[in-house]
Structure formats: C-alpha cells, structure tokens
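See below for the structure under consideration.
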Amino acid sequence: MPRLWNRLSLRARLLLPMAAMVIGGLLLGGLALQTFSPEQFENENAQGARSAELVADALNAALAAADNPQQTLDAFAGALRMPAAIAFVPSGSERQRVASDTYRGGVPAWFTALLQIPELGSTHPVEIRTAHVGDIVFRPDLSAEVLEKWVGFLVIAASSAALMLLAGLSAYFTTGTALCPLAQLGAGLTRMRNGVYDIAIPLAGPPEIRKSCAEANELAATLKRLSRDNRDLLRKLVAVQDDERRELARELHDEIGPLLFAIRANATALSDPDAEGPPDPGSPAHGILSATEALQQANRRVLEGLSPVYVAELGLTASVQAVLRNAQSQAPGLGVTSRIDPRLNVLDGLLSQTTYRVIQEGVTNVLRHAQATTMGVMVTVNGGQIEIEISDDGIGLRQNLTFGRGLTGMHERVRALDGELHLLREQGRTIVRCRLPLDHAVVL
Ligand SMILES: Nc1ncnc2c1ncn2[C@@H]1O[C@H](COP(=O)(O)OP(=O)(O)OP(=O)(O)O)[C@@H](O)[C@H]1O
Ligand SMILES: [Mg+2]
C-alpha cells in the first residue's frame with residue numbers, strides 16, 4: 001500500500017482523499033438516515049395515531065349514549081367522507097389497506113427501503129351495542145415526509161459533488177501551477193550538472209518554489225564562478241608547468257649541452273693526440289667518450305620530452321610532423337596516416353602547446369601500449385574549434401583504465417582550455433578525440 005501511494009502523482013494524492021471524504025460523508029449520511037428516520041416517522045405521526053384512538057373512543061361513547069346510534073354513525077361517517085389520515089370504514093365494505101401510504105413518485109425504492117419506515121397505521125373498532133359496525137382507521141400519508149428526506153439527501157449529495165468538483169479543479173490547477181515550475185527547476189538542475197550555468201531558471205509558481213528556483217540560480221552563479229576560477233587556475237598551472245619545463249630545457253640545452261660537448265672534445269684530445277680515428281676501445285678516454293655520448297643522447301631525449309622547442313621555432317604543423325616521423329622511426333612496421341590542417345601555425349602559445357602535447361602523448365601511448373599495425377592522426381580546424389583525433393587498430397583500452405601521468409596531464413591541459421577529451425573504441429579502433437575551442441583572439 002505505501003508503495004502504491006508512493007507511485008501516485010501529486011494530483012492523485014490530493015484528489016483521492018477528497019473523493020474518499022465525500023463518499024465517506026454520503027455513507028455516514030445514509031447511515032444516519034437509516035438510524036434516526038424510523039423514530040422520526042413515529043414521533044411525527046404519534047399525534048395522528050393518538051387522535052384516531054380518541055376519535056374511536058369518542059364515537060363509541062356517542063353511539064352508546066345515542067337513541068338512534070345508526071343515525072349518529074351515518075352522520076359521523078358523512079362528516080368524515082373527505083380523504084384524510086383518519087377515516088371511518090364500515091364493516092362489510094371492501095377492506096382498505098391499513099398500511100401507511102408512502103410516496104413513491106420520483107423517490108427511488110432503495111431510498112424508501114433505506115429509511116426503514118415503520119408500520120404506523122392503526123385500526124380502532126366501532127361498535128353499536130357490542131355489534132361491530134366498522135373501524136376508525138388511521139392511515140398516515142408519509143409521501144411529503146419521504147419526499148422531504150429525499151430532497152434533503154439530494155441537496156447534500158449534489159452540494160458534496162459540487163464541492164468535490166470545485167476542490168478537485170482547484171487542486172488540479174494549483175498542482176499544475178506548482179508542478180510546472182518544479183519541472184523547470186529539475187531541468188535547470190540537470191543543466192547545472194552538465195556544466196551549463198548561463199540559462200536561468202524562471203522564477204514562477206508559489207513563493208516556496210520561487211524561493212528554491214532563486215536559490216538554484218544563485219547556486220548556478222556560484223558554480224559558474226568556481227568553474228571559471230578552476231579553469232583559470234588550471235590554465236595558470238599548465239602555463240607555469242610549461243614555463244618551468246622550458247626553463248629546465250634551456251638550462252639543459254645551454255649549460256649541459258656545451259659542457260658535454262667540451263668533455264667529448266677533451267676526451268678525444270686526451271687519447272693519443274697523434275693517433276687518427278677514435279681512441280682504443282678499453283682505454284679510459286674511450287670510456288669517457290662513450291659515457292659522454294650516452295649522456296648527450298639522454299640529454300636530447302629529456303629535452304624533447306621537456307619542451308617542444310619545435311612548436312615555437314618550426315610552427316605546429318612541422319612539429320607534429322616531426323613527432324610522426326619520430327614515431328615512424330621508432331616503429332618502422334607501423335602504418336602511419338595523417339591529416340594536419342596547415343592553418344594550425346597561427347594558433348596562440350597555449351593552444352598550440354596543448355595541441356602538440358595531446359598529439360605527442362597520444363602517439364607515445366599508441367607506440368607503448370596499443371600493439372597496433374596502423375595509426376591515424378588528424379588535426380583539423382572546424383567551426384571555431386580544433387579537432388584532434390589519434391586512432392589505432394590495437395588492443396584497445398583496458399577494462400579498468402587508470403590514468404597515468406600522460407592522460408592526466410592531457411586531461412588537465414584540455415580542461416584548462418575549456419575543451420573536451422574522449423577516449424573511445426569505435427569499429428575496432430581506439431580513438432583519443434579532443435576538441436579545443438579556438439581562442440576568441442584567434443580567427444582562422
Ligand atoms: N592507444 C592505447 N591503446 C591501448 N591502451 C592505451 C592506449 N593509450 C593509453 N592506454 C592505456 O591507458 C593507460 C594510461 O595511459 P597514460 O598515458 O595516462 O599513462 P602511461 O602511458 O601508462 O604512463 P605515462 O604516465 O608515462 O604516460 C596506459 O597504461 C594504457 O593501459
Ligand atoms: Mg602515456
């Protein structure tokens with residue numbers, strides 16, 4: 001039962017108790033009629049019954065004292081000829097029904113049955129010298145009383161129905177005016193959950209709901225501010241990270257690079273200065289030389305990872321192509337296809353850095369995890385946004401994928417620019433799809 005109630009709409013919850021109240025009221029009315037009306041009928045007709053008895057006693061006394069009782073009786077009968085509740089019925093005449101007359105016209109039988117009308121008629125014998133000559137009959141006409149009760153019942157039933165109709169209509173429209181703003185409030189909250197904070201929820205409906213809508217709008221404003229702050233913070237974080245990396249790369253390139261070069265040159269010089277060609281394998285100079293070469297290579301690798309120097313110097317298109325060439329050289333068996341929009345070179349610093357980093361990390365991931373035979377890289381500028389897609393036909397993403405530093409960094413960078421990042425598997429291909437809105441300053 002409580003579960004059924006929980007499933008009922010607000011309107012049904014309001015209307016059902018009203019209907020139950022009206023029906024309960026009518027049933028109680030019927031019960032009261034059934035309980036009290038027999039006594040009422042008796043009380044209302046007690047006077048008539050008593051009069052019939054008195055008339056019979058008086059007539060019998062008059063007939064006993066009269067010289068000519070028959071003449072007296074005829075005179076009495078003549079005077080009582082009019083149809084009335086009390087009548088004289090001579091014996092031998094067709095016996096009239098003594099039962100009370102109940103009004104039937106228009107009153108349904110169930111209602112007269114409900115009233116439980118008691119037998120109110122009575123018969124009082126009239127005698128002339130012990131001979132029974134007729135009866136004084138009391139036969140009340142209850143039609144007016146039954147009709148009165150029926151009309152009363154109809155009035156109560158009709159006014160209850162009208163009341164219920166009015167209450168029902170009022171509940172219907174009141175809930176309508178309350179439900180519509182509630183639905184708008186719900187839609188507004190869903191929009192907020194999806195990150196749309198600019199569409200205000202209309203302030204409508206009763207004050208309680210209007211207040212909730214106003215508070216939800218306040219919440220949207222706060223969330224919008226927080227999300228903007230969050231984005232700004234992320235943007236700063238990414239920018240600071242990039243600056244630091246650039247700084248570190250510069251140090252490595254400008255300070256460590258020349259030093260390594262100097263060590264290498266000196267190691268070569270240290271070996272027999274007269275000998276031509278590289279130093280003997282196993283000689284200390286050879287050891288220093290090979291260690292320095294390894295350090296130089298490691299330095300180059302770290303430099304590449306730290307800062308996409310190409311982006312600033314070569315432009316984004318050429319830098320991306322360098323990443324692809326590099327990937328191809330690392331995995332010669334991998335079929336690489338690409339479509340790079342040439343207009344990318346005019347993108348501003350953070351946008352081009354992010355685009356480069358997304359492609360770099362996506363490609364590295366394909367090489368490291370996908371076991372793919374083909375890889376596609378696509379970067380286009382479309383309808384005010386940059387679309388980046390790195391796809392491969394490899395093994396696909398793990399079921400319980402956890403982001404490492406690569407995907408986390410990618411996600412943060414994309415969020416900092418208000419973009420979207422999706423990892424999907426479509427038609428046997430793993431796809432990293434990223435959309436970055438173009439800065440307003442950049443018009444392509
Ligand atoms: N193209 C892909 N195919 C299959 N799995 C992938 C692909 N790209 C990413 N993954 C999965 O996603 C995981 C997380 O990738 P993510 O780049 O965040 O970290 P990582 O590559 O493991 O380490 P790093 O922090 O050095 O990048 C990977 O460990 C890998 O399981
Ligand atoms: Mg990675």
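The values are calculated or read from the model by the stated rules, or taken from the named source; none is laboratory data. Note that the coordinates shown come from a computational prediction; the quantities given were computed from them, not determined experimentally. So basically every Cβ, Gly included, is an ideal-geometry build from the backbone, and we count neighbours across all protein chains shown. Side chains included, ligands, DNA and RNA excluded: accessible areas come from the protein's heavy atoms. Shrake-Rupley method; radii C 1.70, N 1.55, O 1.52, S 1.80 Å.
A compact table of results
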| read-out | value |
| --- | --- |
| Residue in the range 392-413 that is touching a residue at least 60 places away in the same chain (Cβ under 8 Å), touching a Cys at 6+ places or on another chain (Cβ under 8 Å) and assigned to a helix (DSSP H, G or I) present | no |
| Search result, residues across the range 317-358 that are touching a residue at least 60 places away in the same chain (Cβ under 8 Å) and surrounded by 21 or more Cβ atoms within 10 Å (Cβ to Cβ) | Leu347, Leu351, Gln353, Thr354, Thr355, Val358 |
| Filtered residues of the range 382-404 (kept if near ligand 1 (Cβ under 7 Å from one of its atoms) and not acidic (Asp, Glu)) | Gly394, Ile395, Gly396, Leu397, Arg398, Leu401, Thr402, Phe403, Gly404 |
| Exclusive hit being away from ligand 2 (no atom under 13 Å from the Cβ), out of contact with any strand residue (DSSP E or B) (no Cβ under 9 Å at 6 or more places or on another chain) and either of a type outside the set (Lys, Arg) or assigned by TED's automatic domain parsing to the domain that holds Ser338 (or both), set Glu412, Glu426, Glu389 | Glu412 |
| Selection count, the range 341-381, where residues are more than 16 Å from ligand 1 (Cβ to nearest atom), modelled with pLDDT of 85 or more and outside any helix (DSSP H, G or I) | 4 |
| Members of the range 405-422 that are open to solvent by 50 Å² or more (accessible area, probe 1.4 Å) and within 11 Å of ligand 1 (Cβ to nearest atom) | Arg405, Thr408, His411 |
| Residue within the range 121-137 that is part of a helix (DSSP H, G or I) and open to solvent by 20 Å² or more (accessible area, probe 1.4 Å) present | no |
| Per-region count, the range 235-263, residues under 18 Å from Leu417 (Cβ atoms) and either touching a His at 6+ places or on another chain (Cβ under 8 Å) or surrounded by 12 or more Cβ atoms within 10 Å (Cβ to Cβ) (or both) | 7 |
| Flag if Gly205 is at positive phi and surrounded by 14 or more Cβ atoms within 10 Å (Cβ to Cβ) | yes |
| Set Asp232, Asp274: member being surrounded by fewer than 16 Cβ atoms within 10 Å (Cβ to Cβ), in a helix (DSSP H, G or I) and modelled with pLDDT under 90 | Asp232 |
| Which numbered condition Arg405 fails, given (1) modelled with pLDDT of 90 or more; (2) within 16 Å of ligand 2 (Cβ to nearest atom) | (1) |
| Qualifying positions in the range 1-55 - closer than 30 Å to Pro140 by Cα, open to solvent by less than 70 Å² (accessible area, probe 1.4 Å) and aliphatic (A, V, I, L, M) | Leu26, Ala32, Leu33, Ala46, Ala49, Ala52, Val55 |
